[in-house]
Amino acid sequence: AWDKNAGEMYVIRKDQNTQQELCYWEILYPWPMAARDYVYTRKLNVVDDGKKFVLLSKAMRDENYPEVPKKVRVTDYVSRTVIEQSSTKEKQCKYVIFMHEDIRGSIPKAMVNFFVSKVLPSFTKALYRACEAYESVNA
């Protein structure tokens, strides 16, 4: 996986009528924090003749997927991701993500600083490399 902080991630089921998916996602946090996991709905909308992708995600409860011991279930999560083809450069895009989540726990300031200064930039670079690799494999 291109994201080293991702644990398990899979589609539980997909509604063939609405194309909405119910998904499971696990994020591995550094010690001393416990891993977080999510059960959420996800729907991809393609607009502007395939030039823009809008991914909508929201946490939900599902009685078939109860909380897992030693993991903290994130139940307050909403994400809106927009990926749009650049209007000026052929092989570039805009990537915008709006996210809210309550990870159910306090985070030490040093951990927040580490996340902002190291993890986010590393994630962004890994995402960029994954996109380049995808393009070369699927060209």
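The values are calculated or read from the model by the stated rules, or taken from the named source; none is laboratory data. As the structure is a computational prediction, the values presented were derived from the model and not from experiment. Don't worry about glycine lacking a Cβ; one is built from the backbone with ideal geometry, like all the others, and counts go over all protein chains shown. We work out accessible area using only protein heavy atoms, side chains counted, and drop any ligands, DNA or RNA first. Shrake-Rupley method; radii C 1.70, N 1.55, O 1.52, S 1.80 Å.
Across the stretch 1-42, the residues whose backbone nitrogen lies under 14 Å from the label position 7 Å along the beta-carbon direction of A130 are 1-11, 25-28. The accessible surface of the stretch 20-139, taken with every protein chain in place and a 1.4 Å probe, is 58 percent carbon and sulfur. For the pairs K4/K89; K4/K91; K70/K91; K89/K118; K51/K109; K71/K91, note any where the Cα-Cα span goes beyond 32 Å. Those over the limit are K70/K91; K51/K109; K71/K91. Farthest towards the positive end of the charge dipole of the stretch 1-69, among the residues L28, V46, N17, is the Cα of V46, using unit charges on the Cβ of Lys, Arg, Asp and Glu. Projecting the Cα atoms of V78, V119, Q92 onto the charge dipole of the stretch 72-139 (Cβ charges, centred on the Cα centre) puts V119 farthest toward the positive pole. The distance from the alpha carbon centre of the stretch 1-30 to that of the stretch 78-104 is 17 Å, rounded to a whole number.
Shape class of the chain from the alpha-carbon gyration tensor: oblate, with a/c at 1.5 or above and b/c at least as large as a/b. The peptide list 24-37, 57-70, put in order of mean Cβ contacts within 10 Å with the highest first, becomes 24-37, 57-70. If you take all other residues with their beta carbon under 10 Å from the beta carbon of R61, and give Lys and Arg +1 and Asp and Glu -1, the sum is -2.
Note: relative contact order over the stretch 27-139, using C-alpha pairs below 8 Å and six or more positions apart, is 18 percent. Surface exposure of the chain, expressed per residue as accessible area with a 1.4 Å probe, stands at 73 Å².
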